[in-house]
Amino acid sequence: MPDTPAAELYGAMIDEHGIEILGTAECWELLHDTTVGRLAVDVGGRPDIYPINFVVDDGSIVFRTAAGTKLASAALMHHVAFEIDGYLPLERTAWSVVVKGWADQVEKMFDVFDAEDLPLFPWAAHPKPNFVKITPHEVTGRRFHVVDDVAPDASIGWEPVAAEPDAAAPQPGADYHPGEPYMRPG
């Protein structure tokens, strides 16, 4: 992040639609706090997306993979996009971070040794001996308020949160106030 203006690193800018544009530093904080993302690659001229678990290492994204389409697409085609996202039910906000960069298979012996020391373990039972490193050339993020008409449900992993014992329960049809959590009854 050399020579990056402070406003770009930490400043939260709001676009014309009310979407908060995240600074680079906050994008990296979210990347550090997340373990699963999606890798977008070009496979024979067609886009494909793979869920991967990853770690951030020295300003890069590192993941493990077996030999196959994902490795060939990421390490041989080189240009990739990587995305993470999340939501905060009590704040009724959602966010996403996109990393665009260059992917390379980690092949040099000492680099492989370093990668093996990372806290990165395959979730699937079959071996994933290959490491791929994404070197970013662009990191962007955004956050937005989830509209009141959206009822959280399990399809997005967003379960309604039980109200605290002393909290006032929202009344059906009551106006939403941005200073308090609100879940529209299903």
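The values are calculated or read from the model by the stated rules, or taken from the named source; none is laboratory data. These figures come from a predicted structure and were not determined experimentally. As a convention, Cβ positions derive from the backbone with ideal geometry for all residues, glycine included, and neighbour counts pool all protein chains shown.
Looking at D42, is it closer than 25 Å to T24 by Cα, without any contact (Cβ under 8 Å) to a residue 40 or more places away in the chain and in a strand (DSSP E or B)? Break it down stepwise before answering.
Values: closer than 25 Å to T24 by Cα: no; without any contact (Cβ under 8 Å) to a residue 40 or more places away in the chain: yes; in a strand (DSSP E or B): yes.
Answer is no for this residue.
Cβ-Cβ distance below 8 Å, separation of 6 or more or different chains: which pairs start in segment 107-130 with a residue that is closer than 18 Å to V55 by Cβ and free of Cβ contacts under 8 Å to residues at least 12 places away in the same chain and end on one that is of a type in the set (A, V, I, L, M, F, W, C) and loosely packed, with under 15 Cβ neighbours inside 10 Å?
Cβ pairs passing all conditions: none.
Which is touching a Lys or Arg at 6+ places or on another chain (Cβ under 9 Å), within 30 Å of D149 (Cβ to Cβ) and of a type outside the set (D, E, K, R), of I61, I49?
Being touching a Lys or Arg at 6+ places or on another chain (Cβ under 9 Å), within 30 Å of D149 (Cβ to Cβ) and of a type outside the set (D, E, K, R) holds for just one of I61, I49, which is I49.
Could you list, in sequence order, all residues of segment 60-91 that are of a type in the set (K, R) and modelled with pLDDT of 85 or more?
Within segment 60-91, R64 is the sole residue that qualifies.
Residues being over 27 Å from D117 (Cβ atoms) and without any contact (Cβ under 8 Å) to a residue 12 or more places away in the chain: count how many of those fall in segment 62-105.
The total comes to 1.
Output yes when any residue across segment 97-120 is exposed (fewer than 14 other Cβ atoms within 10 Å of the Cβ), at pLDDT 85 or above, assigned to a strand (DSSP E or B) and over 20 Å from the mean Cα position of the chain (by Cα), and no when none is.
Within segment 97-120, not a single residue is exposed (fewer than 14 other Cβ atoms within 10 Å of the Cβ), at pLDDT 85 or above, assigned to a strand (DSSP E or B) and over 20 Å from the mean Cα position of the chain (by Cα).
When only residues in segment 57-77 that are surrounded by fewer than 16 Cβ atoms within 10 Å (Cβ to Cβ) and closer than 13 Å to P136 by Cβ count, which is nearest to the chain's Cα centre (by Cα)?
Keep residues of segment 57-77 that are surrounded by fewer than 16 Cβ atoms within 10 Å (Cβ to Cβ), which gives 58-59, 66-69, 72, 76-77.
Remaining after also requiring closer than 13 Å to P136 by Cβ: 58-59.
Numbers: D58: 17, G59: 15 Å.
My answer is G59.
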